[in-house]
Amino acid sequence: MSILSGREALRADIYSAAEVAGYLWQKGWAERNGGNIVLNITELADERMRAMPALSEPISIGLELPLLKGCWFYCKGTQKRMRDLARDPMAGGSVIRILPDCRHYEIVADYPVMPTSELPSHLAVHNYLIAKGSVCRASLHTHPTELVALTHSGKWLDEKAATKMLWSMIPETRAFCPHGVGMVPYMLPSSTALAEATIAALERGFDVVMWEKHGVFAVDTDIMSAFDQVDVLNKAAQIYIAARGMGFEPEGLSEEQMEEMKVEFKL
Ligand code: 13P
Ligand code: ZN
């Protein structure tokens with residue numbers, strides 16, 4: 001029997017990850033097994049869930065994350081395709097619980113699907129979010145083509161320059177991604193160094209972080225909102241690239257126009 005049986009709130013949460021997984025595939029941001037989703041489902045873990053036996057031995061996180069003691073997560077499985085997860089999130093991912101030593105986890109349901117290779121980054125970020133008293137419960141890593149393309153130029157690896165350019169392409173970006181984009185220099189995918197650099201970027205006040213020549217990492221209250229932020233930013237990057245493709249540097253909204261948005265929408 002699935003862990004989702006009789007747990008409507010948990011089912012809704014995990015199926016919103018499945019819906020986003022479908023969008024990631026449709027957007028062309030999820031080639032092969034590209035990208036991952038992790039949801040903090042601790043608030044939805046009931047007594048019966050807590051009594052469930054593990055499907056795996058304890059598995060090392062590679063980090064000690066003290067605030068994750070007793071926490072529960074839904075994680076995309078490593079090497080699983082977003083387009084498959086969209087149809088069946090419990091075959092494309094698994095539910096895990098963090099063990100009391102805060103260094104290991106075990107897989108609890110529905111099948112022994114090994115979590116994403118980017119688990120160190122996701123879990124380190126969730127540990128950080130709890131430390132900050134954040135209401136964010138979802139983390140998303142994806143490969144949005146145009147945003148990744150930007151990170152191939154030193155010019156756009158500057159956080160201020162990239163944020164200003166993206167904000168200035170279309171007013172919604174200023175309104176819906178009010179913190180802009182952080183930058184993390186290229187690091188080996190799945191490494192703890194990448195996890196630490198991602199936290200450092202969140203510390204600088206960003207909730208969307210670009211991983212140079214790799215992808216984007218975003219956090220938000222729920223997975224749909226995390227997707228929305230990346231979608232809005234990638235749209236801005238597409239407008240920039242479309243203008244360059246037509247042979248001109250886009251003008252961009254003026255400082256005054258962006259300031260007007262900030263005041264009007266209390267950003
Ligand atoms: P996983 O299949 O392990 O989730 O990895 C995908 C990815 O995008 C790594 O950066
Ligand atoms: Zn990736």
### Query
Roughly how many debye, to the nearest 20, is the charge dipole of the chain about its Cα centre, given +1 on each Lys and Arg Cβ, -1 on each Asp and Glu Cβ, and no other charges?
520 debye
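For region 74-143, what relative contact order do you get, as a whole percent, if you take Cα pairs closer than 8 Å and at least 6 residues apart? Please report the intermediate quantities before stating the final value.
Working: 82 pairs, mean separation 18.2, N = 70.
RCO, region 74-143: 26 percent.
Of the trypsin sites (Lys or Arg not before Pro) in region 17-53, which ones lie in a loop per DSSP and count no more than 15 other C-beta atoms within 10 Å? Please list the in-between numbers first.
Working: sites: K27, R32, R48, R50; in loops: R32.
Within region 17-53, the qualifying trypsin sites (Lys or Arg not before Pro) (loop, at most 15 other Cβ atoms within 10 Å) are R32.
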### Query
Considering the alpha-carbon set of the chain alone, what are its Rg and its Dmax in angstrom?
18.8, 62
### Query
Just how far, in whole angstrom, is region 238-256 from region 54-119 if you go by their alpha carbon centroids?
42 Å
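Defining a contact as two alpha carbons under 8 Å apart and six or more residues distant in sequence, what relative contact order in percent does region 169-236 show? Walk me through the numbers on the way to the answer.
Values: 82 pairs, mean separation 23.7, N = 68.
So the answer I get is 35 percent.
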### Links that overshoot a 31 Å alpha carbon limit, given the list K69/K164; K132/K266; K27/K69
K69/K164; K27/K69
#### Entry: For the chain, built as a Gaussian network whose Cα springs stay under 10 Å, the top-fluctuating residue of A237, A21, A131
A131
## Note on the structure
Computed from the beta carbon distance with a Förster radius of 25 Å, FRET efficiency for E43 and E172 to the nearest 0.05 stands at 0.20
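Relative contact order of the chain, please, whole-number percent, based on alpha carbon pairs below 8 angstrom and at least 6 residues apart.
Details: 519 pairs, mean separation 51.2, N = 267.
Relative CO of the chain lands at 19 percent.
So which chymotrypsin sites (Phe, Trp or Tyr not before Pro) in region 70-107 pass both tests, a DSSP loop state and at most 14 other Cβ atoms within 10 Å of the Cβ?
Working: sites: W72, F73, Y74, Y105; in loops: none.
Here no chymotrypsin sites (Phe, Trp or Tyr not before Pro) fit, given the DSSP loop and packing criteria.
Determine the calculated [θ] at 222 nm for the chain from helices alone, applying -39500 (n - 2.57) to every DSSP H run no shorter than 4 residues and normalising by the residue count; nearest 500 deg cm²/dmol.
Values: 10 runs with 107 residues, N = 267.
Taking each H run of at least 4 residues, the total per residue is -12000 deg cm²/dmol.
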### Query
What spacing in nm lies between the two simple spin-label points modelled at R32 and R50, each 7 Å away from Cα in the Cβ direction?
4.1 nm
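No value in this document is a laboratory result; all are computed from the given coordinates. Keep in mind the model is a prediction, meaning the values are calculated, not measured. Cβ atoms come from the backbone with ideal geometry, glycine included; neighbour counts cover every protein chain shown.
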